[in-house]
Amino acid sequence: MSNHKNIVSSRSDRGSFSGRLGYVMSVAGSAIGLGNIWRFPYLAAKYGGGMFLLVYLILMLTFGYAMIISETALGRMTGKSPVGAFNSFGKGLPFRFGGWINSIIPMLIAPYYCVIGGWVTKYLFEYLRGNVQLLAEDNYFSTFTQESWAVEFWFIIFAVFVFFIILAGVKNGVELVSKIMMPLLILLAVFVTIYSITRPGAIEGVKYFLIPNFKNFSWMTVVAAMGQMFYSLSIAMGILYTYGSYIKKDVDIEKSTKQVEMFDTSIAILAGLMIIPAVFAFSGGDASALQAGPALMFITIPKVLASMGFGTPAGIIFFLLVLFAALTSAISLVETGVSTFMDQLGWSRLKCSFIMGVILLLLGSASALGFGVLDFIKIFGMSILDFFDFLSNSIMMPIAALATCILAVHVVGLKKIAEEVEISSAFKRKKTYNFFMKYLAPFFLAVILISAVADVFGIIKL
Ligand code: TRP
């Protein structure tokens with residue numbers, strides 16, 4: 001368990017993971033976060049339950065798999081994060097574009113991620129004060145998000161915490177703690193899940209979440225599932241290039257990819273089982289409750305907790321662990337932004353952290369206030385927070401993934417990628433990988449991108 005010590009984030013003395021375990025744990029630490037516990041359940045509830053889950057699993061095993069392998073192999077081959085990796089194959093505009101779009105996405109996600117981190121912090125605070133019943137009240141969450149300055153306050157508390165950890169350089173400490181917190185999170189999730197699925201009426205929710213029903217399929221199911229897969233596995237945003245650049249040539253890329261996917265998906269499914277059956281138990285699974293969107297976790301979990309009888313300690317533990325998962329991911333999001341600036345501008349860590357801080361404050365505040373004083377601003381009908389989520393996940397990520405596909409297939413060549421993978425192990429699924437990268441991925445990405453845009457402009461109704 002001493003592997004984490006070798007993860008060095010400074011580019012000047014580029015470190016490396018000491019082995020597969022260190023790599024898998026670190027990727028999992030950045031992958032497992034609000035995406036799994038907060039985002040996955042509300043998307044699954046909204047976009048078809050079991051149908052969403054099925055589409056998600058298929059996409060993850062094929063598409064996600066191919067993308068992770070490509071990004072990791074390109075990172076390891078070049079020893080660079082995305083901007084540098086793209087530039088090692090060419091200097092023209094397309095290369096710069098490909099690298100930067102991958103790097104800009106985390107900078108857009110980090111601000112609103114911290115706003116949600118702020119919501120989690122606020123809930124933890126209220127549980128610490130023993131307000132179990134108050135949080136379970138029907139309109140508590142929507143009233144809270146409209147209180148602009150309260151939301152802004154908690155956002156800043158969370159963001160300051162993230163910066164404190166980054167500047168103090170205790171990243172390795174965080175990785176150590178996350179090895180303790182992650183298993184704890186799983187234990188607690190199993191516990192809450194069992195409680196939640198045994199409530200009267202909950203079994204309908206279990207069925208809705210696990211059994212695919214074609215009636216619930218819509219094209220938006222695919223668009224949302226793909227965005228979520230990218231988000232949850234941190235694909236198409238440069239992270240995996242960077243992590244790939246830290247691994248040694250003897251780490252089995254295929255095997256570690258499988259382990260990361262399994263880890264990440266198990267937590268998402270557990271979270272779905274925790275939250276969706278509770279929606280059915282507490283509201284009879286009516287359609288509007290399933291459509292709650294980003295609010296879902298903040299509405300159902302407090303209701304489950306309030307009905308437990310020992311809601312205060314359970315609430316404290318639950319939100320503490322969610323907070324922790326959110327913190328480790330937020331740190332890695334912000335850190336990626338900082339290191340991109342350091343690499344590209346050659347400025348000091350402090351100066352780059354400052355720039356990132358300004359971006360975070362500006363975009364984060366806009367998202368935080370978007371449900372309150374800035375409520376009048378709607379971008380294509382979306383609140384500011386939803387818009388950033390949509391822009392990064394449904395528009396920019398397909399473009400970034402497309403850039404990686406083009407780089408891998410047409411510039412580097414799949415043969416060279418396979419050679420990179422084969423340095424450490426046999427490439428068992430090479431044929432599937434090649435087929436996917438060459439034909440399916442570009443087609444799929446283009447269709448998804450076009451549908452997302454068409455949906456927003458109301459050209460088609462999905
Ligand atoms: N995957 C993280 C989650 O599930 C969120 C995330 C998206 C992320 N992009 C990232 C984390 C980049 C770290 C780095 O919550």
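The values are calculated or read from the model by the stated rules, or taken from the named source; none is laboratory data. Computed from a predicted model, the values in this text were never measured in an experiment. Glycine gets a Cβ as well: all are built from the backbone with ideal geometry, and neighbour counts include every protein chain shown. Heads up: the accessible areas ignore ligands, DNA and RNA and are worked out on the full protein's heavy atoms, side chains in. Shrake-Rupley method; radii C 1.70, N 1.55, O 1.52, S 1.80 Å.
Before we move on, is Trp149 open to solvent by 20 Å² or more (accessible area, probe 1.4 Å), within 24 Å of the chain's Cα centre (by Cα) and under 16 Å from Ala366 (Cβ atoms)? It would help to see each step written out before you state the result.
Numbers: open to solvent by 20 Å² or more (accessible area, probe 1.4 Å): yes; within 24 Å of the chain's Cα centre (by Cα): no; under 16 Å from Ala366 (Cβ atoms): yes.
In short, no.
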How many residues, within region 397-420, are open to solvent by less than 10 Å² (accessible area, probe 1.4 Å) and free of Cβ contacts under 8 Å to residues at least 40 places away in the same chain?
1
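State yes or no: is Ser232 small (Gly, Ala, Ser), part of a helix (DSSP H, G or I) and surrounded by fewer than 21 Cβ atoms within 10 Å (Cβ to Cβ)? Lay out the reasoning, then the answer.
Numbers: small (Gly, Ala, Ser): yes; part of a helix (DSSP H, G or I): yes; surrounded by fewer than 21 Cβ atoms within 10 Å (Cβ to Cβ): no.
No, not satisfied.
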So Leu188 clears everything in (1) over 30 Å from Ile355 (Cα atoms); (2) over 21 Å from the mean Cα position of the chain (by Cα) except one condition, right? Which one?
(2)
Here is a check on your reading of the model: is Ala44 in a helix (DSSP H, G or I), touching a Phe, Trp or Tyr at 6+ places or on another chain (Cβ under 6 Å) and more than 16 Å from the ligand (Cβ to nearest atom)?
no
Quick one: in region 194-216, of everything that is more than 22 Å from Leu54 (Cβ to Cβ) and assigned to a loop (DSSP other than H, G, I, E, B), which residue is least open to solvent (accessible area, probe 1.4 Å)?
Gly201
Output the residue which, of all residues in region 318-342 that are more than 10 Å from the ligand (Cβ to nearest atom) and either among the charged types (D, E, K, R) or more than 18 Å from the chain's Cα centre (by Cα) (or both), is surrounded by the fewest Cβ atoms within 10 Å (Cβ to Cβ).
Leu320
If you take the residues of region 364-382 that are touching a Leu at 6+ places or on another chain (Cβ under 7 Å) and in a helix (DSSP H, G or I), which of them is surrounded by the most Cβ atoms within 10 Å (Cβ to Cβ)?
Ser367
Just to check your reading of the model, which residue among Ser394, Ser365 is among the hydroxyl-bearing types (Ser, Thr, Tyr) and farther than 30 Å from Gly48 by Cβ?
Ser365
Does region 268-290 contain at least one residue that is out of contact with any Lys or Arg (no Cβ under 7 Å at 6 or more places or on another chain), closer than 30 Å to Ile166 by Cβ, at pLDDT below 90 and open to solvent by 10 Å² or more (accessible area, probe 1.4 Å)?
no
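Would it be correct to say that Leu385 is in contact with a Pro (Cβ under 8 Å, 6 or more places away or on another chain), in contact (Cβ under 8 Å) with a residue 24 or more places away in the chain and surrounded by fewer than 19 Cβ atoms within 10 Å (Cβ to Cβ)?
Spelling it out, it is not the case that Leu385 is in contact with a Pro (Cβ under 8 Å, 6 or more places away or on another chain), in contact (Cβ under 8 Å) with a residue 24 or more places away in the chain and surrounded by fewer than 19 Cβ atoms within 10 Å (Cβ to Cβ).
Only one of these is surrounded by fewer than 22 Cβ atoms within 10 Å (Cβ to Cβ), touching a residue at least 40 places away in the same chain (Cβ under 8 Å) and part of a helix (DSSP H, G or I): Leu124, Leu74. Name it.
On the way: Leu74 fails: surrounded by fewer than 22 Cβ atoms within 10 Å (Cβ to Cβ).
Among Leu124, Leu74, only Leu124 is surrounded by fewer than 22 Cβ atoms within 10 Å (Cβ to Cβ), touching a residue at least 40 places away in the same chain (Cβ under 8 Å) and part of a helix (DSSP H, G or I).
Take the conditions in a helix (DSSP H, G or I), over 21 Å from the mean Cα position of the chain (by Cα) and either buried (at least 23 other Cβ atoms within 10 Å of the Cβ) or among the polar types (S, T, N, Q) (or both) and apply them to Gly244. Does it pass? Break it down stepwise before answering.
Values: in a helix (DSSP H, G or I): yes; over 21 Å from the mean Cα position of the chain (by Cα): no; either buried (at least 23 other Cβ atoms within 10 Å of the Cβ) or among the polar types (S, T, N, Q) (or both): yes.
In short, no.
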Tally the residues that are more than 19 Å from Thr336 (Cβ to Cβ), open to solvent by 40 Å² or more (accessible area, probe 1.4 Å) and either in a loop (DSSP other than H, G, I, E, B) or within 16 Å of the ligand (Cβ to nearest atom) (or both), restricting the search to region 77-121.
2
Give me the pairs, please: first residue somewhere in region 103-116 and under 20 Å from Ala400 (Cα atoms), second residue anywhere and open to solvent by less than 10 Å² (accessible area, probe 1.4 Å) and charged (D, E, K, R), beta-carbon distance under 6 Å, and either six or more positions apart or on two chains.
none
